[in-house]
Amino acid sequence: QKEVEQNSGPLSVPEGAIASLNCTYSDRGSQSFFWYRQYSGKSPELIMFIYSNGDKEDGRFTAQLNKASQYVSLLIRDSQPSDSATYLCAVNPSATGAGSYQLTFGKGTKLSVIP
Amino acid sequence: DAEITQSPRHKITETGRQVTLACHQTWNHNNMFWYRQDLGHGLRLIHYSYGVQDTNKGEVSDGYSVSRSNTEDLPLTLESAASSQTSVYFCASRGGGRTQYFGPGTRLTVL
């Protein structure tokens with residue numbers, strides 16, 4: 001069974017600090033990796049995606065991917081109270097064939113940014 | 001603006017009743033998905049469709065069915081609702097890129 005693992009948290013960081021969220025996945029053939037943010041009672045919204053090894057930056061967010069270690073992370077710089085939410089890691093398990101558009105989600109990490 | 005909508009947003013039903021949850025998107029996306037989200041389980045895939053007349057089972061499809069008669073809609077039917085199907089249901093769609101976009105969700109309670 002293809003699995004995506006996240007620490008459930010809660011992860012508490014002070015305002016202005018860097019929040020580091022981690023995710024590991026079991027399917028070595030996984031091709032695409034996504035981070036979604038979900039506020040309580042709301043639907044998931046995409047923060048960013050990454051396909052290649054290394055870092056990808058978008059504003060205060062940086063996604064890091066290491067396919068050899070089957071590890072993807074999300075860094076949030078200058079954390080704000082408005083960043084308090086649950087962060088979902090999602091993995092696209094394969095590039096071609098049936099099921100290639102599916103996403104497998106982790107259970108999410110709850111982040112709390114303390115003012 | 002193009003969007004994805006779900007209805008109803010909240011539903012209370014009784015065990016054994018048939019329930020249909022609607023999902024409608026105006027992006028003209030071929031790929032549509034239904035998930036349920038429960039505490040301790042995260043988002044789990046129920047059914048998905050890659051185009052009109054195409055439907056596929058996901059991880060937790062027992063007790064659910066879908067049909068795809070046009071590009072815009074993928075209704076989810078619970079044939080005989082059970083208390084274990086109390087959950088929040090999300091519909092999502094995906095176009096030519098790799099990103100799935102989610103609807104606002106339907107909170108279903110089965111008594």
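Only the coordinates and a few stated rules stand behind these numbers; no lab work does. For clarity, every value in this text was computed on a predicted model and none was experimentally measured. Heads up, the Cβs are rebuilt from the backbone with ideal geometry, glycines too, and the neighbour counts pull from every protein chain shown.
Some observations on this one:
- Translational D in µm²/s for chain B (Stokes-Einstein at 37 °C, 0.692 mPa s, Kirkwood Rh from C-alpha pairs): 237 µm²/s
- Qualifying aspartates and glutamates (Cα of each under 16 Å from Cα of residue A:67; at least 8 residues distant if same chain): A:3, A:5, A:27, A:55
- Placing +1 on the Cβ of every Lys and Arg and -1 on the Cβ of every Asp and Glu, with nothing else charged, gives chain A a dipole about its Cα centre of roughly 200 debye.
- Put a dot 7 Å past the Cα of residue A:46, heading toward its Cβ, do the same for residue B:67, and the two dots end up 3.1 nm apart.
- Evaluated on the stretch A:1-45, the Kirkwood hydrodynamic radius is 13.1 Å, with distances taken between all distinct Cα atoms.
- Seen from a random direction on average, the alpha-carbon convex hull of the protein assembly as shown projects onto 12.5 square nanometres.
- Relative contact order for chain B: 35 percent, from Cα pairs under 8 Å spaced at least 6 residues apart, divided by residue count.
- Of A:104, B:43, B:84, farthest towards positive along the dipole that unit charges on Lys, Arg, Asp, Glu beta carbons give the protein assembly as shown: B:84
- Calculated log₁₀ intensity ratio I(q)/I(0) where the Debye formula runs over C-alpha points of the stretch A:46-115, q = 0.26 Å⁻¹: -1.31
- Relative contact order of chain A, defined on C-alpha pairs under 8 angstrom at six or more residues apart (%): 38 percent
- Taking amide H as placed 1.01 Å from N in the peptide plane, the amide H of residue B:81 sits under 5 Å from that of B:16, B:17, B:18, B:19, each at least 5 places away or on another chain.
- Long pairs among A:56/B:57; A:2/A:110; A:2/A:107; A:110/B:11; A:56/A:110, criterion Cα-Cα beyond 24 Å: A:56/B:57; A:110/B:11
- Around residue B:59: net Lys/Arg minus Asp/Glu count, Cβ-Cβ under 12 Å: +2
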